[in-house]
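S.K.: Next up is a structure, given as structure tokens.
What follows is calculated from the coordinates using simple rules that are stated; it is not laboratory data. Only a predicted model underlies this, so the values are computations on that prediction, with no experimental measurement involved. Note that each Cβ is placed from the backbone with ideal geometry, even for glycine, and that neighbours are counted across all protein chains shown.
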Amino acid sequence: MSEQLRWLFRILPILLLTCLFSPVHADAGLSDTRILLGQSAGMSGPMAQYARQALIGAKVYFDRINRQGGIHGRRIELLTRDDQYTASLAAYNTRQLIEQDRVFGLFGFVGWPTSQAGLQIASRARVPFFAPFTGGELLQKSFDRYLFTVRASYADEYSYFLRNMNWLGIRKLMLLYQQDQYGVMIKQDIEYRARREAIDLTSMEISRSGTNLAVLIDKALAAQVDVVMLVNADYQVNARIVRGLRSRGFLGQFFAVSFVGNKQLASELGEVAHGILVTQVVPLPWRISMPLVAEYRKRMVESGHDEFSATSLEGYIAARVLVEGLKRAGRNLTRERLIRALESINARNYDGGGYVVNFSSSNHQGSTYVDIATMTKDARFMN
């Protein structure tokens, strides 16, 4: 064997090890000082206020962690792209975030259609997709190794509400749902659950931008229902429905799910909001007896925010849980290590400040927390 070949065999193992642990082979979005996360959310469009509130809560927590030196020396950066609450734009944003921006993981997509579009791409690329702000069943039903949620599903919310109506003896409800495939799927699920509770449910479709509201209001009054269920993401359209029915003498109850943008709807309606029932997937942000809520309020004020909402609290919780997973994954962070670290979080070993989070290798839906609150005249809520 020549001297050159002997030299090559001696250096080859060193070259292989160098290549193996080189930054070229590290997951995208990581450096010695940074973890880059990506988000697609409707920062403009019908869900803009909801998306902005969720982002405020998340950034308050991320910023605090960064001021403390980050996670194992790495700061968290969140790159947000606007999808205008449009599925096709969310899909485009997701590809850009993964392929061009080269993010480590995806965080806090807002809405069912946009989250669904983003998840399909993220899952194929094996990129963690953490805490979408939606309870859509397509995301919740089938297990996906790259998807983690930290909120209850819409089915959890509807079931909880309909059971309560049954217990109270309220049997006559009307469902007003949005005109798209997601609205139809929600309608079908609610109708099924209403039949199980022996509730008389009438369903009517809200046209895009609410152009048929006058007809809906007439039919709701004629049906003499006890409760009108608002299953539509546009809080301005929902406000028009409430005002229209109240102005015509409707004395029944209104119900809205968490995703309606409860704070925005209450502010839009003012005193007319009084008495509207809403399901919450996080504790009320005024429940200061809960350690998590007290912590959230303190961090919000420290960051210059004096407006509290369930939406910003949900963003805060999502960031808090993700940071816990990143800490557990250790300094030698990879996407696979993050997934395994998140799966180790449960009520026995994680202090959620009163908000229980349970993940495992077979369960990535961290919470089923649901409560019902009532809107007050000053855009607040009470149990």
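S.K.: If each of residue 331 and residue 211 carries a label point 7 Å out from its Cα toward its Cβ, how far apart are those two points in nm?
M.R.: With each label point 7 Å from Cα toward Cβ, the separation is 6.2 nm.
S.K.: Right, here's the next one. Work out, step by step, the length gained on full extension between residue 306 and residue 377: first 0.36 nm times the residue separation, then minus their alpha carbon distance; give nm to one decimal.
M.R.: Details: separation 71, 0.36 × 71 = 25.56 nm, distance 1.88 nm.
Between residue 306 and residue 377, full extension yields an extra 23.7 nm.
S.K.: What is the packing order of peptides 62-70, 124-132, taking the mean over residues of other C-beta atoms within 10 Å and listing the highest first? List each step's numbers first, then the result.
M.R.: On the way: 62-70: 15.2, 124-132: 21.9.
Result, highest mean Cβ count within 10 Å first: 124-132, 62-70.
S.K.: As an exercise, use a Förster radius of 30 Å and the Cβ-Cβ distance of residue 251 and residue 184 to find the FRET efficiency, rounded to the nearest 0.05.
M.R.: Working from the Cβ atoms, E equals 0.50.
S.K.: How large is the dipole of the chain about the Cα centre if only Lys and Arg carry +1 and Asp and Glu carry -1, each at its Cβ, rounded to the nearest 20 debye? Could the numbers behind the result be given before it?
M.R.: Numbers: 45 positive and 35 negative charges, 139 e Å.
With Lys and Arg at +1 and Asp and Glu at -1, about 660 debye.
S.K.: Quick one: which of 228-235, 306-313 comes out on top by average Cβ neighbours within 10 Å, and what's the full order, highest first?
M.R.: Details: 228-235: 24.8, 306-313: 21.4.
Ranked from most to least packed, the peptides come out as 228-235, 306-313.
S.K.: Just how many pairs of Lys in the chain have C-alpha atoms closer than 23 Å, counting pairs that are eight or more places apart or on different chains?
M.R.: 10
S.K.: Per DSSP H run of at least 4 residues, take -39500 (n - 2.57); add these up for the chain, divide by its residues and hand me the 222 nm value, nearest 500 deg cm²/dmol.
M.R.: So the helix-based figure for the chain works out to -14000 deg cm²/dmol.
S.K.: Over the stretch 242-383, calculate the relative contact order: mean separation of alpha carbon pairs under 8 Å at least 6 apart, over the residue count, as a percent.
M.R.: Details: 186 pairs, mean separation 44.5, N = 142.
Relative CO of the stretch 242-383 lands at 31 percent.
S.K.: Once you keep just the Cα pairs under 8 angstrom separated by 6 or more residues, what percentage relative contact order results for the chain?
M.R.: Details: 694 pairs, mean separation 68.6, N = 383.
Averaging sequence separation for qualifying contacts and normalising by length gives 18 percent for the chain.
S.K.: Around residue 30, under 12 Å between beta carbons, what's the net of Lys plus Arg minus Asp minus Glu among the other residues? Don't skip to the answer; put the middle values down first.
M.R.: Numbers: positive: 34, 74, 75, 102, 331, 335, 337; negative: 27, 32, 77.
So the environment of residue 30 carries a net charge of +4.
S.K.: Below 8 Å between Cα atoms, with a sequence gap of 6+, how large is the relative contact order for the stretch 164-232 in percent? Walk me through the numbers before you get to the answer.
M.R.: Details: 86 pairs, mean separation 33.4, N = 69.
Averaging sequence separation for qualifying contacts and normalising by length gives 48 percent for the stretch 164-232.
S.K.: Taking the DSSP beta bridges in the chain as the whole, what percent of them are antiparallel, to the nearest 5? It would help to have the intermediate numbers written out before the result.
M.R.: Numbers: 9 of 43 bridges.
If we restrict to bridges inside the chain, about 20 percent are antiparallel.
S.K.: Find out how many positive minus negative residues lie around residue 64, taking Lys and Arg as positive, Asp and Glu as negative, among other residues whose Cβ is under 9 Å from that of residue 64. Write out the running numbers ahead of the final one.
M.R.: Details: positive: 67, 299; negative: 63, 302.
Net of charged neighbours comes to 0.
S.K.: Compute the helix-to-body angle for 112-125: its Cα long axis versus the longest principal axis of the chain, expressed 0 to 90° and rounded to tens.
M.R.: The two axes meet at around 20 degrees.
S.K.: Which is farthest toward the positive dipole end of the chain among 213, 230, 357, measuring Cα position about the Cα centre, with Cβ charges +1 (Lys, Arg) and -1 (Asp, Glu)?
M.R.: 357
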